[in-house]
Amino acid sequence: MAAQAAQTLMCPEAEANLSEFFAHAQAVLAAGAEASPALLNALASSTNDMAARPCRWLDADETAAGNTAADLLGRPAFKQALLLIANEVTRWSWAPAQRSAEEHEGLRAKVGALRAVELLCGSLLLVAPPTPPVLDFARRLVRSQTLEALSGRLSDARAELDFLSDQAAAAAAAGGAGPFVHADACSLLLPLVASVGAPAVLTRGCLMLAVRVSNAAPQPQQRQPAAASGAAPEPSAPAQPAGAAAGGSGGASDSAAEEAAAASASYAQELAAALRASAVVEHTCIALASVLRLWDATGPEAIEEHPGVDPAFLRALSAHADKTVSNVTSTFPALHAATEVGLSAGLRIVAALGPAAFYSSVAHGIAVLSALDGETSYGLDPAVLAGFTRVFWVEVAERLESGSSSGVRRSKDFRCVGPLMNLAASLAGKGFILWDPAAASGIFPPFAVLPLAMRVARVGVQAADEAAGRTEVVAVAALRAAQQGTGPCRVLLDWTMAPVLAVFALQAASSAMRAGAGPEGSACLGEEWWRLAAALTPHLRAPAAGFPGVSLPSHYGKHILAELPSVTLAPAPLPLALPPAPPLGLESALAGGVLPCLERLFRRAAASLRESRPDSSEVEALLALNARYDDVSAWLAPLLAWGNARQAAALVRTIGKGLEATAAADTITPDDTVCGDAVLAMASHFLTAGRLWLEGLAASRDRGPGSAGPLAQRAGPGGGGAGAHSPAERQLLEMLAAAAAAWLPPMCRLLWARFDAGAMLSSPLITCLCWQPVLARVDATHGTPTRPSAVVAAGPAAAGAAAGSSASGAGWGTALTDPVRLVRVALRMVDGDGAGPVGDPKKVLYLRYLAQACCTVAAAFPEEVAGRGRAGPVWETSKLRALTAELRTHGHAAEAEAAEALPAQLVRWAHGSGPRGGRGGARASAASGAQALAARFGAWFPGLEAAAALLPASPAAARACLGGCSNPACANLEGDSDAALPLRACAGCGGAASYCSRECQTAHWRSGHREACRVRGG
């Protein structure tokens, strides 16, 4: 089918065009340097016609365009003719001088033919896939020193342009019209200007082919690259196409594949050597400066000062100069692409080509940026600034002429966003910068990088805010106002471009900061950086049109949110307290609005799950952030500890609603890779790390000077004073307890739903397992735990009711549905041979918490564990013995002793025996055995009671610090923040409860508020 599509693109007209090119090329090759202008003009005409076709093919069908280009380069006669004519025309040199009209015409014809051949080679390589014939053509072109020859012709063109510019300047100073009134000069000037951009097209085609080669297949490691110099065969020498086999055997086929892979590997090395030897990009940028100087000398004022100048000529000159600027500057993204796809080291470093390339990229971006925001141009050369700015205004005029605010060159040749993206990439610092650092710093000092990157980011955010929701009529009116100077020029950056630009600029600013560009070497990004980052969250759904391969949400999560300041809550062997001061940059991030920014992301992600849109932009951003950080608590804990308490509480509530939406959508998969897991994985990791921090905090305080024990000195949020806790520790304790109350119920329901469907979610299992012991001890201290049997028997509906009742005073036992079953499932994962549900780094913690859970659940629910009404205990004694062996292997003697005591106790319970073997009935036996187990917790788990003492007495007490709607099952996701929901107080209980909606008030009334309201009201 691909071949058929390609053949249809080679229509009879194209075949006729191809025949004309072949005939004209043969005639020029026969005449050599003595070819007449008429013959050269004919060659240029037919070649230009062929060069224009790949772009039209690309617009029609991208795949078919590539196939058609590959088909052309696979035709031996065409390929050899193109190589020979390229070799011929690139060797014609000249020098500036006074010439006759005939000499001008001859040089004009040679320059036109040179430009046409370069464009044809480049346009074919830009669209062709890396097939063996295409790769063979590119390698022959590179090895025949075509790029080196083009550098020579660029030097000739630059000298000619400077010669004409000097003449123009001298004539203007003398009050004359200069050489531009003469037809011969005009006829030469236009192709000269256009010829400067043609080598850039060819260079870009060679680079993008290298990128496609790298993406197509892995490179063989054993092959050595071919010679990368100009000692290759002449273009006229026949070549065996890569991949051609001399037989039909399987061995020959393997040999052909190896040859093709070796050719691919060699091409990158050969291209790198040619780019380095020729410095063709550097020569192109130097010649571009001459074009801009000449363009400045023939600006709009030339028509007013010299009426004899043909306005049509000046318009044509502007069009040629505009196209040349676009062709040259579009080489920079190709260089970036070539450095980001894992190409050879030679091709990656060859981009450091010198000051002219850096200057051109930065100057173009600064000129456009100055036109957009009206600020400084950093002393750019007036001619360069005027030339690049004129390109910008050409874009405005073209869009208005087309009657569309987006113009007619959508996503192909942006004169506005392209230079700014190149500028951001050039400023991005180590790992992204293309230029020689010494040369770059000499032109643009490091201390100026950060302010410039922030300027680009500000423009991007402002343009995104202005463009969001703007109609086409309003956009065209804004363009007209910009042209007339009565409105901002940011209208050129529409909603599909501006957010991407802002993200890349913020990334450049953070890279510059890490490289020491901040004030006094500070690595703090600053409040404005975070304010701009937060302002981008409403624009994550903007389609990144014109940026193929760029996912705005993923890039935002991976490179912007990943800058969140962090602390480590759980270093080995035990977690320590929070540092006395917030981590560097946290205050700036909080002042910049990072907490509301994150809440918006979680809120929109939860809403998309509820609406069955699992691929939303916000979910993608959170997945990228989750993938970037191994430990979510490292960035979430500092935000909750030092952030505004109201904003932190709103984030905790929103994440809880996200878990509820995830449970309702039931989109979780065992491999933790799809949408709902962005919320579930983050919540699980934070709670698990928080449990570790809780234990370590209690242990470190106990060891502190003058400590009287955790119960005497540091009761938790629900038990009195906080003693030695710092304000940040107190707030984090409150948020952690509230998160456990709000997140564990839906997390547990998700765990059982997927387990019943045949899948096991390891992260929620570990989270529920590590929290069960400490919550059970809180219940044991403050009251009788809720029996799980009634909740389990009633099914999923009872879980929601239990969550509602937990807000009315029930114990923590309602947070974890069926803890007896939880332990039974966890025990099945222990087989005593070193395997487990998690990797080695987490296995020891898993075993320790499992031992704690076994004992605390047995003490809290002895009858259920004893298997009341069953043939025996619900837990397998063999699994408990395997757990004991594992714990001893890892050196945890106390937990091993606890696990070892359980099997014998389970047997006694099953036979109705007491803790010492006496008889007394099953119920009495279970009760006495549970008391005996609980009495030994202090010896087995010395930190458990202290950690439990830090928590509130009930989920209701834990949720009290969150505020918001009093309905614990509230699912209202309206707006951008839970803190912004309007609340109405319950009149019956004097305002003790408040609700965001009538539905929430009714639901809470039915789930238990009725009784509480009557008591308070009475």
In segment 620-632, which residues are at pLDDT below 85 and either open to solvent by less than 10 Å² (accessible area, probe 1.4 Å) or in contact with a strand residue (DSSP E or B) (Cβ under 7 Å, 6 or more places away or on another chain) (or both)? Val632
Reported set for segment 744-767 where residues are over 15 Å from Thr662 (Cβ atoms) and open to solvent by less than 10 Å² (accessible area, probe 1.4 Å) is Leu765
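Scan Arg959, Arg888 and give me the residue that is among the basic types (Lys, Arg), modelled with pLDDT of 85 or more and within 42 Å of the chain's Cα centre (by Cα).
Numbers: Arg888 fails: within 42 Å of the chain's Cα centre (by Cα).
Answer to the selection: Arg959.
Val459 - would you say it is β-branched (Val, Ile, Thr), more than 20 Å from the chain's Cα centre (by Cα), at pLDDT 90 or above and within 24 Å of Ser360 (Cα to Cα)?
Values: β-branched (Val, Ile, Thr): yes; more than 20 Å from the chain's Cα centre (by Cα): yes; at pLDDT 90 or above: yes; within 24 Å of Ser360 (Cα to Cα): yes.
Yes.
Condition first: buried (at least 17 other Cβ atoms within 10 Å of the Cβ) and either at pLDDT 95 or above or in a helix (DSSP H, G or I) (or both). Now tell me which residues in segment 718-729 satisfy that. Even if it seems obvious, please write down each step before you answer.
Step one: list which residues in segment 718-729 are buried (at least 17 other Cβ atoms within 10 Å of the Cβ), which gives 718-719, 722, 725, 728-729.
Within segment 718-729, Ala728, Glu729 meet the criteria.
Each row is one residue, and each column tells you yes or no for (1) over 16 Å from Pro199 (Cβ atoms); (2) touching a residue at least 12 places away in the same chain (Cβ under 8 Å).
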residue: Asp59; (1), (2): yes, no
residue: Pro96; (1), (2): yes, yes
residue: Glu118; (1), (2): no, yes
residue: Ser123; (1), (2): no, yes
Test Val201 against the stated conditions and say whether it is within 22 Å of Ser46 (Cβ to Cβ), within 35 Å of the chain's Cα centre (by Cα) and modelled with pLDDT of 90 or more. yes
Looking at (1) at pLDDT below 80; (2) under 24 Å from Gly943 (Cα atoms); (3) open to solvent by 20 Å² or more (accessible area, probe 1.4 Å), can you tell me which one Gly834 breaks? (2)
Given the structure, is Pro670 at pLDDT 90 or above, assigned by the TED database to the domain that holds Ala621 and not hydrophobic (A, V, I, L, M, F, W, C)? no
Residue under evaluation Pro333, criteria (1) at pLDDT below 70; (2) open to solvent by 10 Å² or more (accessible area, probe 1.4 Å), criterion not met: (1)
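The values are calculated or read from the model by the stated rules, or taken from the named source; none is laboratory data. As the structure is a prediction and not an experimental result, all values here were calculated from the model. Cβ sites come from the backbone with ideal geometry, for glycine too, and all protein chains shown count toward neighbours. Side chains are part of the model used for accessible areas, which takes the heavy atoms of the whole protein and leaves out ligands, DNA and RNA. Shrake-Rupley method; radii C 1.70, N 1.55, O 1.52, S 1.80 Å.
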